[in-house]
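Visitor: After the structure tokens below, expect a handful of questions from me.
Please treat every number below as a calculation from the coordinates, not as lab data. Source: prediction; values computed, not measured. Every residue, glycine as well, gets a Cβ built from its backbone with ideal geometry; the counts of neighbours run over all protein chains shown.
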Amino acid sequence: MKATDDPIPLSALQHWAYCPRQCGLIHLEQVFEDNLHTARGQAVHHLVDEPGDEMKAGVKVERALPLWSDRLNLIGKADLVEFHPDGTVFPVEFKHGRKRQKIHDDIQLAAQAMCLEEMLGRPVPKGAIYHASSRRRREVTVTPELRRRVEETATAIRAMLASARLPAPANDARCRECSLKEICQPEALANTDRQQRQRQDLFRVED
């Protein structure tokens, strides 16, 4: 099997949706660095890292549940999945920080729902993001648009892995919170690209 045929980690979808270069550095270059934000995220995930299950008010709760999709060639795990007595399946993704909408989190959750649908043969129309700092859930509807974004993101990641080409840096507000900023060097690369464009413009003027 080629490396590009290997299943894509569900976490890669969140990384790509946040910043394609971040995804490339982690999943193509295999580099990673921690900062305050990643450390907080890891601390939150320690709450649900150990596989197990329990009953809460008639709801079966599974922690660290393995997930996969043969159709989309995805693999990973759900932080927590609730199995309700009426047959409802409800994935919950844990994130640090306060309650606020982030499309990259929603895409990751939607991918989990799509994996569960394929595994269980039943619809999973909703899930939630649990925001640890505010201790509140944000319910997410798995819309057709989110499903389309999941498929497009998986296709884009697979194309990047096949090309072995690292995406260009974003060099915007996202970089401030990224643990890979020092490795990525977005400002330096942006300056280099700008200088190259200026030289090209100068040559065109002289011609």
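Visitor: To the nearest 20 Debye, how big is the dipole of segment 3-167 about its Cα centre, given +1 on the beta carbon of each Lys and Arg and -1 on that of each Asp and Glu? Don't skip to the answer; put the middle values down first.
Guide: Values: 23 positive and 23 negative charges, 156 e Å.
With only Lys, Arg, Asp and Glu charged at Cβ, the dipole is about 740 debye.
Visitor: Ok, one more. How would you rank V61, V92, V31, going from fewest to most other Cβ atoms within 10 Å of each one's own Cβ?
Guide: So the residues, fewest neighbours to most, are V31, V61, V92.
Visitor: Please compute the modelled spin-label separation between R98 and K56, points set 7 Å along Cα→Cβ, answer in nm with one decimal.
Guide: Those two pseudo-labels are separated by 2.4 nm.
Visitor: Here is a follow-up. Quote the relative contact order of segment 3-167 in percent (integer), defining contacts as alpha-carbon pairs under 8 Å separated by 6+ residues.
Guide: Working: 291 pairs, mean separation 39.6, N = 165.
Answer for segment 3-167 is 24 percent.
Visitor: Convert 25 °C to kelvin, take the viscosity as 0.890 mPa s, use the Kirkwood radius over C-alpha pairs of segment 3-167 as Rh, and evaluate the Stokes-Einstein diffusion coefficient in µm²/s, rounded to a whole number. Could you put the intermediate results ahead of the total?
Guide: Details: Rh = 16.3 Å.
Diffusion coefficient, whole number: 151 µm²/s.
Visitor: Further question: Within 10 Å, count the other beta carbons around each residue, average over each peptide in 127-138, 155-166, and list them highest first.
Guide: Values: 127-138: 16.9, 155-166: 15.1.
So the order, starting with the most tightly packed, is 127-138, 155-166.
Visitor: Below 8 Å, C-alpha to C-alpha, sequence gap of six or more: please give me the relative contact order for segment 86-153 in percent.
Guide: On the way: 108 pairs, mean separation 26.5, N = 68.
Relative CO of segment 86-153 lands at 39 percent.
Visitor: Here are some pairs, K77/K181; K102/K126; K95/K126; which of them have Cα atoms lying more than 23 Å apart in this structure?
Guide: Numbers: K77/K181 27 Å; K102/K126 16 Å; K95/K126 17 Å.
Going by Cα-Cα distance, K77/K181 fall outside the 23 Å limit.
Visitor: Once label points are set 7 Å from the Cα along Cα→Cβ at both S11 and L166, what is their separation, rounded to one decimal in nm?
Guide: Inter-label distance under the simple model: 1.9 nm.
Visitor: What FRET efficiency do you get for H84 and E151 if R0 is 30 Å and r is their Cβ-Cβ distance, rounded to the nearest 0.05?
Guide: Numbers: r = 27 Å, r/R0 = 0.91.
According to the calculation, E is roughly 0.65.
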